[in-house]
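Engineer: Structure provided below as structure tokens; questions to follow.
The values are calculated or read from the model by the stated rules, or taken from the named source; none is laboratory data. Because the structure is predicted, anything quoted here is derived from the model rather than measured. Here Cβ is always computed from backbone atoms with ideal geometry, including for glycine, and neighbour counts include all displayed protein chains. Note: accessible area is taken over every heavy atom of the protein model, side chains too, but ligands, DNA and RNA are not part of it. Shrake-Rupley method; radii C 1.70, N 1.55, O 1.52, S 1.80 Å.
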Amino acid sequence: MVAEATADPRRREVRQGLISRFLTTVAQGVKWLLLSLVFSILTEWVGMAFWWPEQGLDHSRDMLAAEIEFLQADFGRSLVSADPAQFTKNVADRTYYLLFEFTRVTDFIEWIGRVPGPGESGLRPRLHAAFQTVAEYVLAAMQVTQVFSVRLAVLALAMPVFVMFTLVAIVDGLVKRDLRRWGGGRESSFVYHWAKRSALPLLVLTWVIYLALPFSLHPSFVVLPFATLFALSVAVTASTFKKYL
């Protein structure tokens, strides 16, 4: 006879509280942002080596100019900021300062980038020679980081679109739920759980795809399709919610 396993009374089931869930969500968000940034830099480096070698450093510089042009042309007003262009500029400048100026990366690049004087010996000439082979890649990474920060600000400015689409989707879904409830319609837990689980990944994909794009694309071509899909998942979730609580 096999004895049944008894639970250890000293063990307690640990459940995440509100603060721990919030911190976990923030950590997950930061992780995906960093992964998007690293992927953007690696893609730019591969492109400089194989896809657009004739453009070189100009590719990331043109991307930055195009992103700023999109912003100035089409983001005249926003619920997030009264001056979207200035808001984006502040985000990009602050990011550049924290990552490269505050950490003295720019000073180090300037130090090893100066041409050694005649007869100069020591560590700096050797570092200068090594830096010349990767100088364009380092500068491209810095410019891609600026592009990343500009796109991050643009996504923050575009979040009211998701909020508006979500509110419309919730109202539409609840109306359909009431019609189904009073009309004796059938429930589908599979559709409900599928739609519920797809909402958050769609929101995350919007940020990851737009931030990691290796070319300039108007944010409307990314934000609006994903906002529509996100709203559709919310509407289906609300409409297939169980009829009786």
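Engineer: So how many residues does region 106-131 have that are open to solvent by 50 Å² or more (accessible area, probe 1.4 Å) and under 28 Å from Ala66 (Cβ atoms)?
Structural biologist: Total satisfying the criteria: 1.
Engineer: From Val14, Val26, grab the single residue that is open to solvent by less than 90 Å² (accessible area, probe 1.4 Å), modelled with pLDDT under 85 and over 26 Å from Phe221 (Cβ atoms).
Structural biologist: Values: Val14 fails: open to solvent by less than 90 Å² (accessible area, probe 1.4 Å).
Among Val14, Val26, only Val26 is open to solvent by less than 90 Å² (accessible area, probe 1.4 Å), modelled with pLDDT under 85 and over 26 Å from Phe221 (Cβ atoms).
Engineer: Say we look at region 70-88 and pick out the residues that are part of a helix (DSSP H, G or I) and either acidic (Asp, Glu) or touching a helix residue (DSSP H, G or I) at 6+ places or on another chain (Cβ under 8 Å) (or both); which of these is modelled with the lowest pLDDT? Quick ask: steps written out before the conclusion?
Structural biologist: Within region 70-88, the subset part of a helix (DSSP H, G or I) is 70-74, 84-88.
Right, trim to either acidic (Asp, Glu) or touching a helix residue (DSSP H, G or I) at 6+ places or on another chain (Cβ under 8 Å) (or both) and you get 70-72, 74, 84-85, 87-88.
Details: Phe70: 82, Leu71: 78, Gln72: 75, Asp74: 71, Pro84: 78, Ala85: 77, Phe87: 82, Thr88: 83.
Here the residue is Asp74.
Engineer: Here is a follow-up. Look through Glu44, Glu67 and report the one residue that is within 30 Å of Val163 (Cβ to Cβ), in a helix (DSSP H, G or I), within 21 Å of the chain's Cα centre (by Cα) and among the acidic types (Asp, Glu).
Structural biologist: Working: Glu44 fails: within 30 Å of Val163 (Cβ to Cβ).
Result: Glu67 is the single residue among Glu44, Glu67 that is within 30 Å of Val163 (Cβ to Cβ), in a helix (DSSP H, G or I), within 21 Å of the chain's Cα centre (by Cα) and among the acidic types (Asp, Glu).
Engineer: Return yes when Leu99 is closer than 21 Å to Gln132 by Cα, part of a helix (DSSP H, G or I) and open to solvent by 30 Å² or more (accessible area, probe 1.4 Å) and no when it is not. First the steps, then the outcome.
Structural biologist: Working: closer than 21 Å to Gln132 by Cα: no; part of a helix (DSSP H, G or I): yes; open to solvent by 30 Å² or more (accessible area, probe 1.4 Å): yes.
The answer is no for Leu99.
Engineer: Sticking with this one: Over 21 Å from Val150 (Cα atoms) and at pLDDT 85 or above: does that describe Phe39?
Structural biologist: Against the criterion (over 21 Å from Val150 (Cα atoms) and at pLDDT 85 or above), Phe39 does not qualify.
Engineer: Which of the following residues is in a helix (DSSP H, G or I), open to solvent by 30 Å² or more (accessible area, probe 1.4 Å) and touching a residue at least 40 places away in the same chain (Cβ under 8 Å): Val91, Val134, Val147?
Structural biologist: None of the other options fit; the residue is Val91.
Engineer: Continuing with the same structure: On the given criteria, is Ala49 out of contact with any helix residue (DSSP H, G or I) (no Cβ under 7 Å at 6 or more places or on another chain), surrounded by 10 or more Cβ atoms within 10 Å (Cβ to Cβ), more than 26 Å from Leu203 (Cα to Cα) and modelled with pLDDT of 85 or more? It would help to see each step written out before you state the result.
Structural biologist: On the way: out of contact with any helix residue (DSSP H, G or I) (no Cβ under 7 Å at 6 or more places or on another chain): yes; surrounded by 10 or more Cβ atoms within 10 Å (Cβ to Cβ): yes; more than 26 Å from Leu203 (Cα to Cα): yes; modelled with pLDDT of 85 or more: yes.
Yes.
Engineer: Further question: Filter region 69-88 for residues that are open to solvent by less than 70 Å² (accessible area, probe 1.4 Å) and closer than 12 Å to Val150 by Cα and give the result.
Structural biologist: Passing the criteria: Phe70, Leu71, Pro84, Ala85, Phe87, Thr88.
Engineer: How many residues are open to solvent by 40 Å² or more (accessible area, probe 1.4 Å), closer than 16 Å to Ala66 by Cβ, outside any loop (DSSP other than H, G, I, E, B) and in contact (Cβ under 8 Å) with a residue 24 or more places away in the chain when one looks only at region 198-226?
Structural biologist: Count: 1.
Residue-wise test of (1) at pLDDT below 85; (2) among the aliphatic types (A, V, I, L, M).
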position: Ser149; (1), (2): no, no
position: Val161; (1), (2): no, yes
position: Lys176; (1), (2): yes, no
position: Leu179; (1), (2): yes, yes
position: Gly185; (1), (2): yes, no
position: Ser189; (1), (2): yes, no
position: Tyr192; (1), (2): yes, no
position: Tyr210; (1), (2): no, no
position: Ala227; (1), (2): no, yes
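Engineer: Hey, another quick one. Within the set of pairs 6 or more residues apart or between chains, which connect a residue that is over 9 Å from Ala212 (Cα atoms) inside region 17-42 to a residue that is among the aromatic types (Phe, Trp, Tyr) with Cβ atoms less than 8 Å apart?
Structural biologist: Pairs found: Trp32/Trp207; Leu33/Trp207.
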